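Since the structure comes first, as structure tokens, the remarks are kept for the end.
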Amino acid sequence: SLSASEFHERFSKTNTPIILGDAWDTIPAHLDLNYWRENHSDALVPLDLGTSSERLVKLGDYIKFEDKEMSKGYCRSLHTQVKPQEISFILTPSLQEWFPAENATIKFPSVLGTNHLLERGKSYPEAWSRWFELFISNRDSPGFPFLHKDMCATHALSMQIQGIKRFILFPPSDTCFLYAYGNTQTRSAVPHGDIVNFQVDLKQFPLYAHANIHIADLRAGDVFFCPSNWWHTTTVVSAEPSVTLGGNYVDDANKEEFESCWKEYCDAQKLVAAGA
Ligand SMILES: O=C(O)CCC(=O)C(=O)O
Ligand SMILES: [Fe+2]
């Protein structure tokens, strides 16, 4: 029953994560495992197998969850056709690349307000105007492989279709405790597996002791708002496999920071293209 303006005032403007429970009327509830099995069994999807290896498999084979090796993989936002060195130039969200017709039917939840990525005539990829990602895994998969924050200060949303997915989160002010690395400083060196098992080695990562961990268990029918610059990683905690539709967007609260990050990103790409 929350209105878009109430959502904006209470959660978006204050950059506060929130689970909107029992939001079935807002999410594409039909996209459960049965649907994927019945309609897209032969489609090839990428599985993240950890330690930088991945493999294309038939979706129907994977979601039987019978093959031990395959079951340890995470079907997530990787690319099926693009070579790794091209990824940063293409920036097509996974659902759009794997299942464009399904992607076209998904609606941005109206409670989240105005999504500025829908505006045309901007330099960022048109594909971002329908920025949805498909995530499927079960408890045998370690989950999203690293603690990170999403690019260009975008907000993230997750629509939980089936199973229970655990988000582990840290506020932006914890960045100094999370051992950020990489060109954009958006990944944490603290191992994902140790975070989700609450076993981080404090001798190796002493500052982690000061971090403020938050846990959000998403149940089927939930919509989760992960505000810009919040660090997050995930794992599945239900016996039932998990199906999540994720996405990223920009509203009034993060527009300015998004635009400045996007400009910086484009400038960096120009340098890379010039051989820097
Ligand atoms: O649903 C998940 O595993 C989280 C995905 C995520 O954080 C991302 O794709 O950036
Ligand atoms: Fe993310």
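Only residues that are open to solvent by 20 Å² or more (accessible area, probe 1.4 Å) and modelled with pLDDT of 95 or more: list them for region 151-170, please.
Gln162, Ile164, Arg166
Applying the selection to region 133-152, what residues are within 15 Å of ligand 2 (Cβ to nearest atom) and among the hydroxyl-bearing types (Ser, Thr, Tyr)?
Answer for region 133-152, where residues must be within 15 Å of ligand 2 (Cβ to nearest atom) and among the hydroxyl-bearing types (Ser, Thr, Tyr): just Ser137.
Is there a residue being farther than 27 Å from Phe132 by Cβ, part of a strand (DSSP E or B) and either within 13 Å of ligand 1 (Cβ to nearest atom) or of a type in the set (Phe, Trp, Tyr) (or both) anywhere in region 161-172?
no
Matching residues to (1) exposed (fewer than 13 other Cβ atoms within 10 Å of the Cβ); (2) farther than 24 Å from Val243 by Cβ:
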{"site": "Ser1", "(1), (2)": "yes, yes"}
{"site": "Ala4", "(1), (2)": "no, yes"}
{"site": "Thr14", "(1), (2)": "yes, yes"}
{"site": "Asp22", "(1), (2)": "yes, no"}
{"site": "Ala29", "(1), (2)": "no, no"}
{"site": "Asn34", "(1), (2)": "yes, no"}
{"site": "Glu38", "(1), (2)": "yes, no"}
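For the structure I just gave you, tell me whether Leu118 is over 25 Å from Leu47 (Cα atoms) and either touching an Asp or Glu at 6+ places or on another chain (Cβ under 9 Å) or free of Cβ contacts under 8 Å to residues at least 12 places away in the same chain (or both).
Taking the combined requirement at face value, the residue satisfies it.
Taking the conditions exactly as written (within 14 Å of ligand 2 (Cβ to nearest atom) and among the β-branched types (Val, Ile, Thr)), does Thr175 satisfy them or not?
Criteria not met by Thr175.
Consider region 178-212. How many of its residues are in a loop (DSSP other than H, G, I, E, B) and either in contact (Cβ under 8 Å) with a residue 40 or more places away in the chain or open to solvent by 50 Å² or more (accessible area, probe 1.4 Å) (or both)?
14
Can you tell me which residue is most open to solvent (accessible area, probe 1.4 Å) among those in region 105-120 that are hydrophobic (A, V, I, L, M, F, W, C) and farther than 11 Å from Gly247 by Cβ?
Leu118
Cβ-Cβ distance below 6 Å, separation of 6 or more or different chains: which pairs start in region 138-164 with a residue that is within 27 Å of Met70 (Cα to Cα) and end on one that is basic (Lys, Arg) and surrounded by fewer than 21 Cβ atoms within 10 Å (Cβ to Cβ)?
Between residues of region 138-164 that are within 27 Å of Met70 (Cα to Cα) and residues that are basic (Lys, Arg) and surrounded by fewer than 21 Cβ atoms within 10 Å (Cβ to Cβ), the close pairs are Asp140/Lys72; Ser141/Lys72; Phe146/Arg187; His148/Arg187; Ile164/Arg219.
Taking the conditions exactly as written (at pLDDT 95 or above and under 20 Å from the mean Cα position of the chain (by Cα)), does Leu59 satisfy them or not?
Yes, satisfied.
Is it the case that some residue within region 58-65 is open to solvent by less than 10 Å² (accessible area, probe 1.4 Å), under 23 Å from His232 (Cα atoms) and of a type outside the set (Asp, Glu)?
no
Given the conditions (1) open to solvent by 20 Å² or more (accessible area, probe 1.4 Å); (2) at pLDDT 95 or above; (3) over 21 Å from Ser12 (Cβ atoms), and given that Thr233 satisfies all but one, which numbered condition is not satisfied?
The single condition Thr233 does not satisfy is (1).
For region 213-224, does any single residue satisfy the condition of being open to solvent by 30 Å² or more (accessible area, probe 1.4 Å), within 13 Å of ligand 1 (Cβ to nearest atom) and outside any loop (DSSP other than H, G, I, E, B)? Before the answer, list the steps.
Within region 213-224, the first condition is being open to solvent by 30 Å² or more (accessible area, probe 1.4 Å), and the residues that meet it are 213-215, 217, 219-220.
Now restrict to residues that are within 13 Å of ligand 1 (Cβ to nearest atom): 217.
Filter again for outside any loop (DSSP other than H, G, I, E, B), leaving 217.
Scanning region 213-224 turns up at least one residue that is open to solvent by 30 Å² or more (accessible area, probe 1.4 Å), within 13 Å of ligand 1 (Cβ to nearest atom) and outside any loop (DSSP other than H, G, I, E, B).
Does any residue of region 121-132 turn out to be small (Gly, Ala, Ser), in a loop (DSSP other than H, G, I, E, B), open to solvent by 30 Å² or more (accessible area, probe 1.4 Å) and within 16 Å of ligand 2 (Cβ to nearest atom)?
Within region 121-132 (the criterion being small (Gly, Ala, Ser), in a loop (DSSP other than H, G, I, E, B), open to solvent by 30 Å² or more (accessible area, probe 1.4 Å) and within 16 Å of ligand 2 (Cβ to nearest atom)), the answer is no, since none of the residues qualifies.
Hey, among the residues in region 236-250 that are farther than 21 Å from Thr92 by Cβ and surrounded by fewer than 22 Cβ atoms within 10 Å (Cβ to Cβ), which one's nearest to ligand 2 (Cβ to nearest atom)?
Checking each candidate, the answer is Val237.
State all residues of region 66-85 that are modelled with pLDDT under 90, in a loop (DSSP other than H, G, I, E, B) and farther than 19 Å from Thr233 by Cα; if no residue qualifies, say none.
Selection gives His79, Thr80, Gln81, Val82, Lys83.
With the condition kept exactly as written, say whether any residue in region 91-98 is farther than 30 Å from Glu257 by Cα, in contact (Cβ under 8 Å) with a residue 12 or more places away in the chain and within 16 Å of ligand 1 (Cβ to nearest atom).
No.
The values are calculated or read from the model by the stated rules, or taken from the named source; none is laboratory data. Just so you know, these numbers come straight off a predicted model, no measurement behind them. Glycine also receives a Cβ, built like all others from the backbone with ideal geometry; neighbour counts cover every protein chain displayed. What goes into the accessible areas is simple: the full protein's heavy atoms, side chains included, and nothing from ligands, DNA or RNA. Shrake-Rupley method; radii C 1.70, N 1.55, O 1.52, S 1.80 Å.
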